[in-house]
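See below for the structure under consideration.
The values are calculated or read from the model by the stated rules, or taken from the named source; none is laboratory data. None of these values were measured; they are calculated from a predicted model. All Cβ positions, glycine included, derive from the backbone under ideal geometry; neighbour counts span all protein chains shown. What goes into the accessible areas is simple: the full protein's heavy atoms, side chains included, and nothing from ligands, DNA or RNA. Shrake-Rupley method; radii C 1.70, N 1.55, O 1.52, S 1.80 Å.
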Amino acid sequence: MEQEQTTTRQMAILLFCGLLAPLLRVIPEETGPLAGAGGWVAPLLALPVLLLALWVLGRTFRRLPRSAGLPQMYLLAFGTGLGKVLTAVTGLWLAVMSAFNLRLYGESFVSSIYTDTNILMFLAVMMAVVCLVSRRGFATVCRMGRLFFYVLIVTVGLVILLGVREVRLYNLWPVWLQGWDGLLLSAGPVLSVLGFSIPILYCKGRATEQGQGERILAAWFALLCLLLSAVGAVMIGMFGWQTAIRLQTPFFSMAKEVSLGEITERIEAVVATVWVFSDLALLAAQVCAIGEYGKELWNGVSRRWLIWGAGIAAFLAAAWMDPTTFELQGLWRGIQGWNAALCYGLPLLACLLLRVRRRI
């Protein structure tokens, strides 16, 4: 582990901030078509599955050396050759997702708020900030995440409070409008995005005392899912699920509909600017994790060089992409199954193999 220690609470706050923006993109855009008016329930249905996966991983890592992360677990479960390949695949997938997310953030920000902004300039500045913050590892990024948390929670809370006045309760009920199977399936897109947390959390050794990490993570992820359900309920209650799923950025659209009376007529631009904090938090966490996986593969290479290399590669890949926001969201729907397989399937399979082979 790096000399600057991080705690599970700090990592949980960082992921809370980082996952907020991508999760609000799938609610209700992806949960709505599956669950209809019940799209706002999806985070609550996804939470038990995530907590079960974290519990299994937590119990497994408590039986491994304190400094062990997913790379060491893969080596022990799959052997040296395949373990290194899976470590490389995980790091490469995080790199692909960081480039994809960077382009999606840029498209959403430029197309919905600042239409005259050059997207390449936005991508370059954003990734430069990410690399500068991430070059010293998770400790610095976690301190940034703690500052972002207060700003984001106040902003989201304000939008919810102002938006409640516009909610029409008949838009929220019945939650089983599309059938119980659709309601249950709506948890899938949420789970896939929440899966980003696993390769980030376990890219290196445990950060807190034995037995504490799972409870801390459970509390923060529960808070995140409750907040997401509240925002989703306000969005669907305000627009109706049929309209909400057609909006390019439903949360920004909700911000357009609320006002602070005489203080300011619209808070959309403020919300959009603050929302960059969430995007920065996830990108910084992903780039830091890429540095940790790369360090396991190339011991002689400095983590800082790996982080700068990952950032430059992500910028070039994001600049090369040329789809619209809707096309990017459609592409995400096509690959979210692969994301779930890499983020949940591989780690849980490694846990199973370690148990079966009695290596822990």
Checklist line | Kirkwood Rh and Cα Rg combined as Rg/Rh, region 125-258 | finding: 1.02
Margin query: Quick test of the membrane-span-like rule: which DSSP H helices of the chain reach at least 18 Å along their long axis (C-alpha atoms) with mean Kyte hydropathy at least 0.0?
Written below: 8-26, 42-62, 80-112, 119-134, 138-163, 213-239, 268-297, 303-320
Notebook entry, point to check: Over the chain, what is the relative contact order in whole percent, taking alpha-carbon pairs under 8 Å and six or more residues apart?
Noted result: 39 percent
Margin query: Taking the Cα centre as origin and putting +1 on Lys and Arg beta-carbons and -1 on Asp and Glu beta-carbons, what dipole magnitude results for the chain, to the nearest 20 debye?
Written below: 1640 debye
Item checked: Per-residue SASA entry for residue 150, accessible area with 1.4 Å probe, Å² rounded to 10 -> 120 Å²
Next item on the list: Starting from the Cα of residue 84, draw a straight line to each of the lysines and keep only those under 25 Å, dropping any in the same chain fewer than 8 residues away.
Entry: 204, 295
Next item on the list: First check a/c for region 11-123, with a ≥ b ≥ c the square roots of the eigenvalues of its C-alpha gyration tensor; if it is under 1.5, answer rounded, and if not, answer prolate when a/b is larger than b/c or oblate otherwise.
Entry: oblate
Checklist line | All-pairs alpha carbon distance profile, region 45-92, 5 Å steps from 0, percent | finding: 5, 20, 21, 20, 20, 10, 3, 0
Next item on the list: Taking only protein heavy atoms into account and a 1.4 Å probe, give the accessible area per residue of the chain in Å².
Entry: 43 Å²
Check: Short version: what are the Cα gyration tensor semi-axes of the chain, square root of 5 times each eigenvalue, largest first, in whole Å?
Finding: 33, 24, 18
Notebook entry, point to check: When you take every Cα atom in region 80-179, what is the radius of gyration, and what is Dmax, the widest Cα pair distance, in Å?
Noted result: 19.8, 58
